[in-house]
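Visitor: Take a look at the following structure, please.
The values are calculated or read from the model by the stated rules, or taken from the named source; none is laboratory data. Everything quoted here is computed from the prediction, not taken from an experiment. Backbone-built Cβ (ideal geometry, glycine too); neighbour counts: all protein chains shown.
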Amino acid sequence: MAGEAPFTIPREIVIDGTDLVLGRLASKVAQLLLMGFRVHVVNVEKVVVSGDPTKVILAYKKLFGVKTLHNPYRTGVRRARTPAHIFKDTVYGMLPKHNRRGREAWSRLRAWIGFPEQLRTKPMLPREMLMDAHVSRLGHKYVRLEVIAREMGWRGVVSK
């Protein structure tokens with residue numbers, strides 16, 4: 001057919017976060033969001049953070065001690081404890097949040113714990129496109145986001 005495009009890119013993408021490094025995955029997701037895609041990241045609790053597990057957990061717990069200058073007797077910001085919110089906070093830091101383009105991109109992101117039924121029919125992003133974010137490329141220790149969230153006080157679902 002003369003008028004048809006040979007391939008159309010879906011505007012809604014599902015990414016499986018199992019065994020992907022948090023920072024690398026977040027930067028890929030931020031790029032897709034800024035290009036106008038609606039991105040759903042599933043199995044966020046299985047995303048990994050590179051580094052020694054005890055040091056990584058202590059670094060995340062250190063955020064609870066941050067105070068404000070306005071009232072130093074209270075913590076200033078409520079910190080994320082669920083794996084989905086920790087992931088979304090990481091992506092939020094990679095977006096230009098002080099202009100309309102960044103705020104609209106942020107509104108197109110969804111992070112899910114597990115794999116919800118309503119996303120099973122949506123097109124998945126191929127694993128080959130995210131191989132530079134895979135945990136097999138790490139040469140050292142890592143910890144899953146689920147473990148970090150549990151240490152911070154999250155009492156969510158148990159993954160299998």
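Visitor: Can you tell me how many residues in segment 115-148 are buried (at least 16 other Cβ atoms within 10 Å of the Cβ) and in a loop (DSSP other than H, G, I, E, B)?
Guide: 1
Visitor: What is the residue count in segment 59-75 for residues that are among the basic types (Lys, Arg), surrounded by 10 or more Cβ atoms within 10 Å (Cβ to Cβ) and modelled with pLDDT under 70? So that I can check it myself, show each step before the final result.
Guide: Of segment 59-75, the ones among the basic types (Lys, Arg) are 61-62, 67, 74.
Then drop every residue that is not surrounded by 10 or more Cβ atoms within 10 Å (Cβ to Cβ), which leaves 61, 67.
Then drop every residue that is not modelled with pLDDT under 70, which leaves 67.
Result for segment 59-75: 1.
Visitor: Related question: Out of ASP19, ASP52, I need the residue that is in contact with a Ser or Thr (Cβ under 8 Å, 6 or more places away or on another chain) and either modelled with pLDDT of 95 or more or under 27 Å from GLY153 (Cβ atoms) (or both). Which one?
Guide: ASP19
Visitor: Suppose we keep only residues that are touching a residue at least 24 places away in the same chain (Cβ under 8 Å) and not in a helix (DSSP H, G or I) within segment 97-114. Which one would you say is surrounded by the most Cβ atoms within 10 Å (Cβ to Cβ)?
Guide: Step by step, filter segment 97-114, then rank; the result is ALA111.
Visitor: So which of LEU145, LEU95, LEU130 ends up being closer than 15 Å to VAL14 by Cβ and touching a Lys or Arg at 6+ places or on another chain (Cβ under 9 Å)?
Guide: Unique residue meeting the criteria: LEU130.
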